[in-house]
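To keep things clear, I will list the structure first and then write my remarks on it.
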Amino acid sequence: MTVPINVVGISGSLRRGSYNSALLRAAGELMPDGASLEILDLAPIPMYNGDLDGPTKPESVIRFRERLASADALIIASPEYNYSIPGVLKNALDWASRGSDSPLTGKPVAIMGASPGMMGTVRMQMHLRQVLMSNNMFPLNKPEVYIGQAQTKFDEQGRLTDEKSRALLRTQMLMLTAWTRQLQEPVAA
């Protein structure tokens, strides 16, 4: 019997009509059998403040960290702001990374992004990889999902309609599931 893979996804955009939130929803539709995706909302997480980072963290941060801890893998879909990571995403990762009990450590992660520009989110993804490395996470290297000219690939309801993009996303979800299972295997001594 195959053990289910539980994945959480976060969007680096809070915008209601976000292409990246829509990309996460498409990823949920394209998850392989035996895998599921829960999308978390970053809006309730306050700006990181070390004065609040103690035994009594904000409730929204506690819930966020618990959901990350219970997940087998993570998906990050994010736009690119000023050639880098949006503040809301960096803030959430900063909250999650604190302490010896960080729920990010050792977590497999897939990265994706959609943008109206030609390059998709290439530069943001490169910067994000540095953050993931510093948290000892295991990013899936291939396939890379950069959805450029997103306004032509999603319909008015936010559904990813471009078949090439859907096929690439489906492959990434298959590979994330396989990567997660591989990382869960016990290491022989």
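Please find, among T121, T105, T171, the residue that is under 15 Å from the mean Cα position of the chain (by Cα), in contact (Cβ under 8 Å) with a residue 24 or more places away in the chain and surrounded by fewer than 20 Cβ atoms within 10 Å (Cβ to Cβ). Step through it out loud before you land on a result.
Numbers: T121 fails: surrounded by fewer than 20 Cβ atoms within 10 Å (Cβ to Cβ); T171 fails: under 15 Å from the mean Cα position of the chain (by Cα).
Matching residue, one of T121, T105, T171: T105.
Within the range 1-24, can you find the residues that are out of contact with any Leu (no Cβ under 6 Å at 6 or more places or on another chain) and among the polar types (S, T, N, Q)? Even if it seems obvious, please write down each step before you answer.
Pass one, the range 1-24, residues out of contact with any Leu (no Cβ under 6 Å at 6 or more places or on another chain): 1-6, 13-24.
Within the range 1-24, T2, N6, S13, S18, N20, S21 meet the criteria.
Among the residues examined, L52 qualifies as modelled with pLDDT under 95, more than 11 Å from A96 (Cα to Cα) and not basic (K, R). Just wondering, is there one or more residues in the range 133-143 that are touching a helix residue (DSSP H, G or I) at 6+ places or on another chain (Cβ under 9 Å), hydroxyl-bearing (S, T, Y) and under 20 Å from I39 (Cα atoms)? No, because not a single residue in the range 133-143 is touching a helix residue (DSSP H, G or I) at 6+ places or on another chain (Cβ under 9 Å), hydroxyl-bearing (S, T, Y) and under 20 Å from I39 (Cα atoms). Count of the range 145-164 residues, restricted to those that are free of Cβ contacts under 8 Å to residues at least 24 places away in the same chain and closer than 16 Å to G117 by Cβ, is 2.
Checking each residue in the range 26-39 for being crowded, with 19+ Cβ neighbours inside 10 Å and within 12 Å of the chain's Cα centre (by Cα) picks out A27, L37. Within the range 1-16, residues that are in a loop (DSSP other than H, G, I, E, B) reach partners that are among the β-branched types (V, I, T) with beta carbons closer than 6 Å, at six or more positions or on different chains, in the pairs L14/V88.
The values are calculated or read from the model by the stated rules, or taken from the named source; none is laboratory data. These figures come from a predicted structure and were not determined experimentally. Reconstructed Cβ throughout: ideal geometry from the backbone, glycine too, with neighbour counts over all protein chains shown.
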